[in-house]
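**Q** Structure provided below as structure tokens; questions to follow.
The values are calculated or read from the model by the stated rules, or taken from the named source; none is laboratory data. Please read all numbers here as calculations on a predicted model, not as lab measurements. All Cβ positions, glycine included, derive from the backbone under ideal geometry; neighbour counts span all protein chains shown.
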Amino acid sequence: MSAPARETHGTAWAEDAAAFQTGAGRRVAPWIADFRKLGLDGFRELGFPAPKQEDWRFTNIAPIAGARFPFAASPGPGVSSASLAPFLFDSPDWTRLVFADGHFVSSLSSIGEWDGADIQSLADIMPSGHPVAERHIGQCVPTGTNGFTALNAACLNDGVYINVGEGETVKKPVLLVYLAVRDEPFAAHPRNLIIVGDHAQLTVVELFVSLTGGAHFTNALTEISAGRRSVVDYYRIQQESPLAYHVSSVGVRQEELSSFSSASINLGGALTRNNLSVELAGEACTTVMNGLSIVDGDRHVDNQTALDHASPRCESEELYKAIVDDRARSVFNGKIYVRPGAQKTDAKQTNRNLLLSKNATVDTKPQLEIFADDVKCTHGATVGQLDENQLFYLRSRAMDEQTASQLLTYGFANDIIERISLEPVRAYLHRAQSSALHTAAAIGDLQ
């Protein structure tokens, strides 16, 4: 398969977006057309981020900017219940929305009827007026944040719309599966708009996987609005092809006494960039952010997080880990911003990295910006290899060096997985983690 045609600027991307708006994506309501135009204008002005920009200096996105990933007008062939089955977490009773190459596949989805909750494909609400969606779209992740968010708006085609009414609880998780099916290069720009009302509860599991080994580009964006005293759990798993490029932007706004927890798991992709920003807009919010990246070969993963403590008496806890092998590279940049007046803030941020190769690279930059005087904030980062004392202890118990190393590595990652409250997701990640770390035999010996 020949490589995608290359060019050095974002001009071709803008041309493709403009062609999409006048072609396959032309039948939408005026509010969507205006939003797309805003995105296209923004992308033409911003272009792709450059390495000279501080937040992008460790991640060169030239392989994306210089390639041609055309919009997939329809799902590729080969999507079936059998191909989907491994990604249902052994929980077929969950509400699920399935997308193939960026397009909703109703035959593989199972939405059902919910009292007090509106769950559907975003494309289904785009042809007509929708005051709630129109009011919320672009609020948690502004279109002009960077070139990728602008491009997502310009190419808005499908995704998920969830609106949970006040006091309602969606008892079972909502599973969003994004399948890459085509073997030839293509781009998908899914967008999720999630609105959780006051005193409401919702759990969302977002999974990105490839059914083939082809190169493709996913530019995903999720906005989450958490109302007063709401509880939102959000799990995101990226397990795409080793030739795939993945950029995600997740924006969250929390109102008073709300609780938001997230886990970002990165197991695939050639180049992955995750942007997660949370605004603690109301008093006494609670935020938990966990992340795990397992990176090998020549792969590159960049996690950027931002916690905006905008109100008093909020608590946040963040733990991101990375296991880096071969010639791979992991980047972490975590920011905690405490605004003036956000007294009694309690924020903890930790980044831990395990190097398995002398050629692996880690760049870590935890940051605190504090403009209030009555706060408790900590941050730290570690980069190291396997503990020699722990290795010696295991080997003294008649365990060979390879098995001992595998078990210690597994345990390092398992700390994040065990923080996930959903047992089916934990079980899935244990299997995926064992495969990624080649530890299945070692774990079997231990058990």
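**Q** Mind checking which residues of the range 34-70 are crowded, with 16+ Cβ neighbours inside 10 Å and aliphatic (A, V, I, L, M)?
**A** Selection gives LEU38, LEU40, LEU46, ILE61, ILE64, ALA65, ALA67.
**Q** Would you be able to tell me the number of residues in the range 196-205 that are in a strand (DSSP E or B) and crowded, with 23+ Cβ neighbours inside 10 Å?
**A** So the answer is 4.
**Q** While we're on this one: Of a type in the set (S, T, N, Q) and not assigned by TED's automatic domain parsing to the domain that holds THR149, is that true of GLN343?
**A** The answer is yes for GLN343.
**Q** Another question, then. Condition test on GLN304, is it part of a strand (DSSP E or B) and either surrounded by 22 or more Cβ atoms within 10 Å (Cβ to Cβ) or touching a Gly at 6+ places or on another chain (Cβ under 7 Å) (or both)?
**A** So GLN304 fails the test.
**Q** Could you run through the range 387-427 and say how many residues are touching a strand residue (DSSP E or B) at 6+ places or on another chain (Cβ under 8 Å) and either over 22 Å from THR364 (Cβ atoms) or buried (at least 18 other Cβ atoms within 10 Å of the Cβ) (or both)?
**A** 9
**Q** Kindly indicate the residue of the range 409-420 that is of a type outside the set (A, V, I, L, M, F, W, C) and more than 18 Å from the chain's Cα centre (by Cα) and also nearest to THR350 (Cα to Cα) among those meeting that condition.
**A** ASP415
**Q** Run down ASN163, ASN157 and say which single residue is in contact with a strand residue (DSSP E or B) (Cβ under 8 Å, 6 or more places away or on another chain) and closer than 25 Å to ARG273 by Cα.
**A** ASN157
Residues checked against (1) touching a strand residue (DSSP E or B) at 6+ places or on another chain (Cβ under 7 Å); (2) in a loop (DSSP other than H, G, I, E, B):
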residue: ALA85; (1), (2): no, no
residue: PRO92; (1), (2): no, yes
residue: PHE99; (1), (2): yes, no
residue: GLY112; (1), (2): yes, yes
residue: ASP115; (1), (2): no, yes
residue: ASP118; (1), (2): yes, no
residue: PRO127; (1), (2): no, yes
residue: VAL132; (1), (2): yes, no
residue: ARG135; (1), (2): no, no
